[in-house]
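The structure appears below as structure tokens.
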Amino acid sequence: MYTNLFTCATYEHYITTLVVLEEHIVDYCLLIATVYIILMQLGFTLLISGQVRKRNQMNVISKVFFDICVTSLGFFMFGYAFSTNADGGVIGSGDFFA
């Protein structure tokens, strides 16, 4: 009944498939966490803009937008290397900006 549970032909192919699947799951988790953080920043923008006067709301919104831009660039330049597996080194692969 359960003979065709795994469609992989060999054990090596099965392990390779699991490694690829694990890489995709890690990427999806990172993407979901990124969306949560950006939504949290938008909620923080609404909270702070509700606590200031109307003339200062645009300043608050632009400050949070600048914060999102700078942290996104910082994560792109440095954070992704620390969050991925090392290819024989201390931190991620050498292809930082590839």
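The values are calculated or read from the model by the stated rules, or taken from the named source; none is laboratory data. Keep in mind it's a predicted model, so treat the numbers as computed, not measured. Cβ placement follows ideal geometry from the backbone for every residue including glycine, while neighbour counts extend to all protein chains displayed.
Here is a check on your reading of the model: is Phe65 among the aromatic types (Phe, Trp, Tyr), modelled with pLDDT of 80 or more and surrounded by 11 or more Cβ atoms within 10 Å (Cβ to Cβ)? Yes; evaluated as a whole, the condition is true for this residue.
A count restricted to the stretch 59-82 and to residues that are in contact with a Gly (Cβ under 9 Å, 6 or more places away or on another chain) and of a type in the set (Phe, Trp, Tyr) stands at 2.
If the condition is being farther than 28 Å from Ala81 by Cα, out of contact with any helix residue (DSSP H, G or I) (no Cβ under 6 Å at 6 or more places or on another chain) and among the polar types (S, T, N, Q), then the stretch 11-68 contributes Gln51, Asn56, Asn59, Ser62. Close contacts from the stretch 54-67, counting a first residue that is of a type in the set (A, V, I, L, M, F, W, C) and a second that is in a helix (DSSP H, G or I), with Cβ to Cβ under 7 Å and a gap of 6+ residues or different chains, come to Val60/Thr45; Val60/Ile48; Val60/Ser49; Ile61/Thr45; Ile61/Ser49; Val64/Gln41; Val64/Phe44; Val64/Thr45.
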